[in-house]
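Undergrad: Here's a structure for you.
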Amino acid sequence: MRVVVPFGPRKLQGFIIGIKDSVDVESKKLKTIHEILDVTPVLNDELLKLGYWLTSETLCYMISAFQVMLPTAIKATYKKRLQLCKQEEIAPEILYLFQDKEAIDFEVIEQQPHLYRTIQQEIKNGTVEVVYQVKDKVQKKKQRVVQPELPEDKLELAAFELKSKKQQDVLYYFVENYKSAPLKVITEELQITDAPIKALVKKGFISEKYVEVYRNPYDDDDFEQTKPFPLTEEQKQVITPILSSITNETYNPFLLYGVTGSGKTEVYLQSIAAVLKKGKEAIVLVPEIALTPQMVDRFKGRFGSQVAVLHSALSVGEKYDEWRKILRKEVKVVVGARSAVFAPFENLGIIIIDEEHESSYKQEDNPRYHARDVAVWRGQYHKCPIVLGSATPTLESFARAKKGVYELLTMEKRMNEQALPTVEIVDMREELRDGNRSMFSKALHEKIADRLEKKEQMVLFLN
């Protein structure tokens with residue numbers, strides 16, 4: 001649970017990580033918590049234990065370990081303010097700055113440098129004091145909602161007796177749709193301003209209030225729902241041990257070594273479906289560069305509104321709302337980049353890391369963790385399988401699979417049964433010996449000419 005605590009002259013954000021009945025400290029040395037920021041804890045017991053492990057593993061500060069698990073939106077911002085204490089004793093030129101307010105932003109003082117000395121003296125005298133407000137970076141999004149206050153029959157009678165055509169339209173709208181509705185929806189559908197709404201609120205026929213809504217980066221209705229595809233023999237072979245681990249609720253790390261186009265994603269999707277049937281949750285990590293709309297389509301199309309997505313293209317507010325859906329148990333699947341491994345699920349059934357060889361799973365800043373190591377820790381905690389998928393696994397993962405630390409699952413055939421593209425390595429020294437001083441080899445030049453003749457496109461990578 002996050003709290004605001006006094007720290008010298010400032011107020012800072014801290015975390016309550018435990019409660020004691022007594023301490024070996026003099027009571028006069030203890031300070032009172034200034035403010036409790038959360039109604040319920042933002043870090044569950046598992047994430048607190050994970051924070052201790054991360055602190056020990058990466059030698060980071062404990063506060064850093066906890067903060068990396070939270071969205072940017074609730075990492076505190078600090079605002080410096082000047083608080084009025086003794087109005088009757090303060091210098092008139094300073095009192096004027098307050099203009100009947102109890103506190104002002106310190107920015108106002110910074111714009112009046114000639115008053116600095118006076119302010120310093122007033123602080124010494126105790127007539128004003130500097131305070132630090134701690135706030136979240138993003139506010140919750142609110143929406144104006146209108147709802148009927150009379151029964152349907154009385155609402156229709158009231159509409160009949162009204163003289164205003166626009167007010168009648170509003171009441172008839174609720175007769176036909178007897179439930180609350182966003183103000184924006186009503187005004188757009190009836191092509192009116194909010195004036196008739198306000199008039200009807202005053203008459204007591206309807207009421208309005210602000211309700212919290214999520215910033216939804218994806219409209220779930222836009223995703224075409226898909227059904228599971230029949231599995232190939234290879235897919236059946238690799239998914240069997242994964243499903244067995246899910247059923248038996250045992251920790252098992254798997255290295256899914258499958259060539260590009262072998263159908264690894266369908267194995268992921270059907271494994272997640274098995275997890276959801278057991279009422280459990282799933283985390284899917286995807287490299288930021290691979291988290292494309294097509295990838296999101298695959299998961300949203302299969303699991304719909306049960307999926308939350310976390311990646312850098314979302315605004316701070318959108319990430320915050322996706323994270324809150326997870327915290328409130330409103331979704332069962334998280335698809336995201338590295339930091340999604342800290343999703344606050346409490347009943348994990350599987351963790352999948354796609355393209356596990358990607359270096360982006362390593363955090364360069366403090367705390368310097370590897371998402372794979374965090375996933376393994378959480379898999380052991382929840383007794384659930386970990387699936388590391390790649391067409392080109394890292395050497396350490398492949399070595400662990402060979403030693404039996406990971407169970408190796410192999411997929412060698414492509415879904416469309418097409419052969420993998422051939423790769424030709426050209427020694428440019430031989431080209432020079434043959435008199436070719438161009439930056440293009442003879443073979444590459446011929447291939448480019450061939451594609452251009454066929455009106456096709458090509459991509460050339462330069463290092």
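Undergrad: Where Rh is the Kirkwood radius over the Cα pairs of the stretch 335-384, the temperature 4 °C and the viscosity 1.567 mPa s, what D in µm²/s does Stokes-Einstein return?
TA: D, rounded to a whole number, is 114 µm²/s.
Undergrad: A further question follows. Which ordering of 332, 455 is given by a fewest-first count of other beta-carbon atoms within 10 Å?
TA: Ranking 332, 455 by Cβ neighbours within 10 Å, fewest first, gives 455, 332.
Undergrad: In the stretch 5-107, which chymotrypsin sites (Phe, Trp or Tyr not before Pro) are in a loop and have at most 12 other Cβ atoms within 10 Å, using DSSP for the loop call?
TA: 61
Undergrad: How long are the three semi-axes of the equivalent ellipsoid for the stretch 424-463, computed from the Cα gyration tensor as the root of 5 times each eigenvalue, in whole Å, largest first?
TA: Calculated on Cα positions only, the semi-axes equal 21, 12, 8 Å.
Undergrad: Residue by residue through the stretch 334-346, what is 3J(HN,Hα) from phi via Karplus (6.51 cos²θ - 1.76 cosθ + 1.60, θ = phi - 60°)? Round to whole Hz and write x for glycine and proline.
TA: These are the phi-based 3J(HN,Hα) values: 10, 10, x, 7, 3, 5, 5, 5, 8, 3, x, 6, 10 Hz.
Undergrad: Can you list the chymotrypsin sites (Phe, Trp or Tyr not before Pro) in the stretch 377-463 that are in a DSSP coil and have 10 or fewer other beta carbons within 10 angstrom?
TA: 461
Undergrad: Hey, any idea what Rg/Rh is for the stretch 314-425, computing Rh the Kirkwood way over Cα pairs?
TA: Using Cα coordinates only, the ratio equals 1.03.
Undergrad: Turning to a different aspect of this structure: If you average the sequence gap of Cα pairs under 8 Å that are 6 or more apart and divide by the length of the chain, what percent do you get for the contact order?
TA: Rounded, it is 15 percent for the chain.
Undergrad: Now, a different point. Residues with amide H under 5 Å of residue 441's amide H, sequence separation 5 or more or different chain, H placed in the peptide plane at 1.01 Å from N; which?
TA: none
Undergrad: If you don't mind, another one. Can you list the residues, at least 5 places off or on another chain, whose amide H is less than 5 Å from the amide H of residue 310, using H built in the peptide plane?
TA: So residue 310 has HN proximity to 335, 336, 337.
Undergrad: Taking the radius of gyration and the Kirkwood hydrodynamic radius from Cα positions alone, what is the Rg/Rh ratio for the stretch 220-411, to two decimal places?
TA: Taking Rh as the inverse mean 1/r over Cα pairs, Rg/Rh reads 0.93.
Undergrad: Right, something else. How big is the C-alpha Rg of the stretch 101-189 next to the rule-of-thumb value 2.2 N^0.38 Å, as a ratio?
TA: It is 2.17.
Undergrad: What is the gain in length, in nm to one decimal, between residue 27 and residue 451 on full extension, counting 0.36 nm per residue of separation less the C-alpha to C-alpha distance?
TA: 144.5 nm
Undergrad: Hey, what does the equivalent ellipsoid look like for the chain, semi-axes from the Cα gyration tensor as sqrt of 5 times each eigenvalue, largest first, whole Å?
TA: Working from the Cα gyration tensor, I get semi-axes of 51, 36, 27 Å.
Undergrad: Here is a further query. Using 0.36 nm per residue, how much length does the chain from residue 110 to residue 195 gain when fully extended, once their Cα-Cα distance is taken away?
TA: 26.4 nm
Undergrad: Compute the Rg to Rh ratio over the stretch 142-212 from the alpha carbon atoms, using the Kirkwood formula for Rh, and round to two decimal places.
TA: Ratio of gyration radius to Kirkwood radius for the stretch 142-212: 0.92.
Undergrad: Give me a comma-separated list of calculated 3J(HN,Hα) values for the stretch 277-289, in order, Karplus coefficients 6.51, -1.76, 1.60 applied at θ = phi - 60°, integers in Hz, x for any Gly or Pro.
TA: Per-residue couplings from phi come out as 4, 8, x, 9, 10, 9, 10, 10, 9, 10, x, 3, 5 Hz.
Undergrad: Could you work out the percent of alpha carbon pairs in the stretch 1-113 separated by over 19 Å, rounded to a whole number?
TA: 63
Undergrad: Taking the alpha-carbon set of the stretch 264-334, what are its Rg and Dmax in Å?
TA: In Å, with Rg to one decimal and Dmax whole: 12.0, 33.
Undergrad: Which value, to two decimals, describes the C-alpha radius of gyration of the stretch 77-135 once divided by 2.2 N^0.38 Å?
TA: 1.04
Undergrad: Out of residues 5 or more away from residue 258 or on other chains, whose amide H comes under 5 Å of its own, with H placed 1.01 Å from N in the peptide plane?
TA: Placed amide hydrogens put 390, 391, 411 under 5 Å from residue 258.
Undergrad: Give the order of 355, 88 when sorted by the count of other beta carbons within 10 angstrom, beginning with the fewest.
TA: Lowest to highest Cβ neighbour count: 88, 355.
Undergrad: Kindly write out, for the stretch 108-115 in residue order, the coupling ³J(HN,Hα) from the Karplus curve 6.51 cos²θ - 1.76 cosθ + 1.60 (θ = phi - 60°), rounded to whole Hz, with x marking Gly and Pro.
TA: 4, 5, 5, 7, 10, x, 5, 9
Where a number appears in this text, it was derived from the coordinates with a stated rule and is not lab data. Model, not experiment: these values are computed from the prediction. Note that we place each Cβ from the backbone using ideal geometry, even for glycine, and neighbour counts take in every protein chain shown.
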